[in-house]
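**Q** I have a structure I would like to understand better, so I am pasting it below and will then ask my questions one at a time.
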Amino acid sequence: RLILRIVCDDSSALYKLNYQFGASLHDTRHLLTVARQLNLDVIGVSFHVGGGCPEVDAWSVAISNAKRVFEEGAEIGFSFSLLDIGGGFPGEPTAHIHFDDICDAVSVALEEHFPADSRVRVIAEPGRYMVGSALTLVVNVIAKRTVFCGNDETGTKEAENMLYVNDGVFGSFFIRKLYNDVPFPTLLEAVEDEGKEKCRTSIWGPTCAGLDCILADVMMPDVDVGSWLAFENMGAYGVVVAPGFNGFPKPSLYLASDPEKPRRLSEVVKKEKEEKEKEERGTAVQEHPSH
């Protein structure tokens, strides 16, 4: 059984998914005619408005276009029974549009074009909605370098902190950096650092690649080596697509359900650091046993 995927306007979406797959509305009738001649079992239509789509109307227009293809299929001799409205639903509270607004628009469009008595099964692909906010990535500042850059306007030199952390563009930030979708980090020691003056900062991954820059030219408090940075809403397109370049391992996963997440994360990473130091001390003792 086959589903005909159609192209829809994803020009405003963060993750554009219609370059590679999808039939133009100018081609759908021809494709369905050929499918009928080949006795192929086409059962419905699918589309995807793209990931991070900021316009609720995109779903409404796509559903309307799908209805047109359903009518074409009926004229050719098919009896479609499935509509896949794809994904793109936001899973983060910081998204440009709210999930409820999308639901309202989709419900109105379905009621108009695919009411309950049409007996069309409607499915969706809410991957990002399910996992977007489910993971907070916590990275450790493993090195720090301060450089001084000239300011052409003031004629003075400004300090910039270059922070190196133990995950990067060739790890959990691979896709997020590619699509300029990296969230701004928070310090786990934020309460202690509230009074610190902010300075120009760039954040880099652990590899030697010049492209391994997670964030460039952001304003942050002066961060010391050993500090922990938390990137929230990293559940989608994060650790799951980390390629492991240069042999760096993927981050360890900890399950937590606590409204005081920042404090809990701080306790988790502190405990991990203590266990690591304890393990290193134990290794040193074994290598140099006392006589």
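**Q** Given a Förster distance of 45 angstrom, what is the FRET efficiency for D101 paired with K198, based on the Cβ-Cβ distance and rounded to 0.05?
**A** 0.85
**Q** Sticking with this structure for a sec: May I ask for the angle, rounded to the nearest 10°, between helix 28-37 and the longest principal axis of the chain, with both axes built from Cα atoms and the value confined to 0 to 90°?
**A** With both axes taken from Cα atoms, the answer is about 70 degrees.
**Q** Grab the Cα-Cα distance for V241 and A124, subtract it from 0.36 nm times how many residues apart they are, and report the gain in nm with one decimal.
**A** Gain on stretching V241 to A124: 39.9 nm.
**Q** Relative to the longest principal Cα axis of the chain, at what angle does helix 57-76 sit, 0 to 90 degrees, rounded to 10?
**A** 40
**Q** Let me ask something additional. Taking every pair of Cα atoms in the chain, average 1/r, invert it to obtain the Kirkwood radius, and report Rg/Rh to two decimals.
**A** Rg/Rh for the chain comes to 1.12.
**Q** Mind computing the radius of gyration and Dmax over the alpha-carbon atoms of region 1-114? Å is fine for both.
**A** Rg then Dmax for region 1-114, in Å: 14.6, 49.
**Q** Further, regarding this structure: Across region 117-124, in residue order, what do the Karplus-derived ³J(HN,Hα) couplings come to in whole Hz, using 6.51 cos²θ - 1.76 cosθ + 1.60 with θ = phi - 60° and x for Gly and Pro?
**A** 6, 6, 6, 8, 7, 10, 10, 9
**Q** Scan the chain and report its longest stretch carrying no trypsin sites (Lys or Arg not before Pro) that are both in a DSSP loop and have at most 11 other Cβ atoms within 10 Å.
**A** In short, 120-291.
**Q** While we're looking at this one, here's another question. Using 0.36 nm times the number of residues separating H30 and A143, minus their current alpha carbon distance, what extension gain do you get?
**A** 34.7 nm
**Q** Taking 21 Å as the cut-off for C-alpha to C-alpha distance, list the pairs among K250/K276; K157/K198; K198/K250; K198/K271; K144/K198; K250/K271 that go past it.
**A** K198/K250; K198/K271
**Q** Using Cα atoms only, what is the angle between the long axis of helix 261-287 and the major principal axis of the chain, expressed in degrees (0 to 90) to the nearest 10?
**A** Roughly 50 degrees between the two axes.
**Q** Follow-up question, since we're still on this one. Applying 1/(1 + (r/R0)^6) with R0 = 22 Å to the Cβ-Cβ distance of L178 and L253, what FRET efficiency is obtained, to the nearest 0.05?
**A** 0.45
**Q** From Cα pairs below 8 angstrom and at least 6 apart in sequence, can you work out the relative contact order of the chain, rounded to a whole percent?
**A** 14
**Q** Another question, then. In sequence order, what are the phi-derived ³J(HN,Hα) couplings for region 91-102 according to the Karplus relation 6.51 cos²θ - 1.76 cosθ + 1.60 with θ = phi - 60°, rounded to whole Hz, with x for glycine and proline?
**A** x, 10, x, 8, 5, 5, 10, 9, 4, 4, 5, 5
**Q** Comparing E275, E71, E111, which has the greatest mean-square fluctuation in the GNM of the chain with Cα pairs linked when under 10 Å apart?
**A** E275
**Q** Same structure again: Compute the Kirkwood hydrodynamic radius of region 137-250, taking the inverse of the mean of 1/r over all pairs of distinct Cα atoms, and give it in Å to one decimal.
**A** Evaluated over region 137-250, this radius sits at 14.7 Å.
**Q** Could you identify which residue out of A236, A35, A13 has the top mean-square fluctuation in a GNM of the chain using Cα springs shorter than 10 Å?
**A** A35
**Q** Right, next: For G86, list long-range residues whose amide hydrogen, built 1.01 Å from N in the peptide plane, is under 5 Å from its own amide hydrogen.
**A** Here the answer is F47, E125, since their amide H atoms fall under 5 Å of that of G86.
**Q** If each residue of separation counts as 0.36 nm, what is the full-extension length gain between S79 and A209 once their alpha-carbon separation is subtracted?
**A** Separation in residues times 0.36 nm, less the Cα-Cα distance, equals 41.4 nm.
**Q** Select from region 1-38 those chymotrypsin sites (Phe, Trp or Tyr not before Pro) which occupy a DSSP coil region and have at most 15 other Cβ atoms within 10 Å, ordered by residue number.
**A** Y19, F21
Each value in this text was obtained by applying a stated rule to the coordinates, not by laboratory testing. As the structure is a computational prediction, the values presented were derived from the model and not from experiment. Note: ideal-geometry Cβ built from the backbone for every residue, glycine included; neighbour counts use all protein chains shown.
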